[in-house]
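Q: Here you go, one structure.
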Amino acid sequence: MSEFAKPRGLGRGLSALLGEPVKTNTPAAPAWTNPSQTPTTANVVELPKAPGAAAGEGGAKQIPIDLVQRNPQQPRKHFGEDELGELAASIRAHGVLQPILVRPIAGGKFEIVAGERRWRAAQRAGLHSIPAVVRDLNEVEVLEIAIVENVQRTDLNPIEEAQGFHALIERFGRTQEEIAEAVGKSRPHIANMLRLLKLPEDLQDMVRDGRLSAGHARAILTAPDPRALALRVIKDGLNVREIERLAQQAKDEKHGPRVSHGEAKSADTRALEQSLSNALGLDVSISEKGGAGDVKIAFKTLEQLDDVIRRLRSGH
């Protein structure tokens, strides 16, 4: 498969690659831990083949942990000390219950595709080897799988997720629709996450550490002074709807209110338009008079329209 080939339905999850969970107890130190010996791929031990694995594919293997290295392009950059400590304690007691996914690289070593947190915790637990499924994967497959795993487990903060999507677009020519299919999300979700990268770096840091939610951040983006509004969110604990209203009021004060059919829209109506636009990733216009009116959603492709229809039918 070329780097620009169609996605392979990775949004279904990693079960097709990893098979069923494999319980492996904490192993005794293998012979190569002797300082006079050097680990080689000969120390890779085949584990029982996972049920349902494709013909010709091996199951999980026990790989010396020193032969495994992290992927520098892994979208997840931050690992909490508390969660790593808890997982290491669990591994000491029960072993690694789910193999990691790796690909072979030069020098007889392996690069992690999915499961870096388990690898880090296994090191802390003092394991000398770790169960792993080995697959030959290209760069775009590696990045897609890493994003899928982290998104499915909600391990990425919103900025890391957005940077992963951006890398798929910039480095591998993926479209938003292709990414949405690969990770099992809607195209508006992809578009909204990518918008977060327009924030100044210090505001992105606030999203990374949880002081601002992704919803707050998208609402703040529309304000003339996003930084001032962000500080107000943190100080006053404002919700997303309140921020959307304040952002619209600030825009009206700076540029004057937008008009529809000759009449100015209220700040509440404009805030509601922005809220719906944020949710759908499309331009939304609301016309209201005397308690009645209409909502217009602008789309550029039939795929965008289909996505709106699916979301309305599913209630999402």
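FYI, it's all coordinate maths here, none of it is from the lab. Keep in mind the model is a prediction, meaning the values are calculated, not measured. Don't worry about glycine lacking a Cβ; one is built from the backbone with ideal geometry, like all the others, and counts go over all protein chains shown.
Q: How do the peptides 160-167, 67-74, 210-217 rank, highest first, by the average count of neighbouring beta carbon atoms within 10 Å per residue? Before the final figure, lay out each step's value.
A: Working: 160-167: 22.0, 67-74: 15.9, 210-217: 18.8.
Top to bottom by mean Cβ count within 10 Å: 160-167, 210-217, 67-74.
Q: At a 10 Å Cβ-Cβ cut-off, how would you order Glu253, Glu141, Glu81, Glu149, fewest neighbours first?
A: Numbers: Glu253 11, Glu141 22, Glu81 7, Glu149 26.
The most exposed by this proxy come first: Glu81, Glu253, Glu141, Glu149.
Q: Could you calculate the contour length gain from Ile286 to Arg70, that is, 0.36 nm times the residue separation minus the distance between their Cα atoms, to one decimal place in nm?
A: Working: separation 216, 0.36 × 216 = 77.76 nm, distance 4.91 nm.
Gain in length upon complete extension: 72.9 nm.
Q: In nm, to one decimal, how far is the modelled label at Asp294 from the one at Asn239, with both set 7 Å along Cα→Cβ?
A: That separation, rounded to one decimal, is 3.1 nm.
Q: Given a Förster distance of 51 angstrom, what is the FRET efficiency for Asp202 paired with Leu302, based on the Cβ-Cβ distance and rounded to 0.05? Please list the in-between numbers first.
A: Details: r = 40 Å, r/R0 = 0.78.
That pair, Asp202 with Leu302, gives E of 0.80.
Q: Mind scanning Lys77/Lys300; Lys109/Lys198; Lys251/Lys296; Lys198/Lys251 and naming the pairs with a C-alpha gap bigger than 27 Å? Each step should come with its number before you reach the end.
A: Values: Lys77/Lys300 35 Å; Lys109/Lys198 38 Å; Lys251/Lys296 21 Å; Lys198/Lys251 18 Å.
In this structure, Lys77/Lys300; Lys109/Lys198 exceed 27 Å between Cα atoms.
Q: Could I ask something else about it? Leaving out same-chain residues fewer than 8 places away, which aspartates and glutamates sit with a Cα under 18 Å from that of Lys185?
A: By straight Cα distance, Lys185 reaches Glu141, Glu144, Glu149, Asp155, Glu160, Glu161, Glu177, Glu303, Asp306, Asp307.
Q: Can you compute the modelled spin-label distance between Ala228 and Arg120, with each label point 7 Å from Cα toward Cβ, in nm?
A: 3.8
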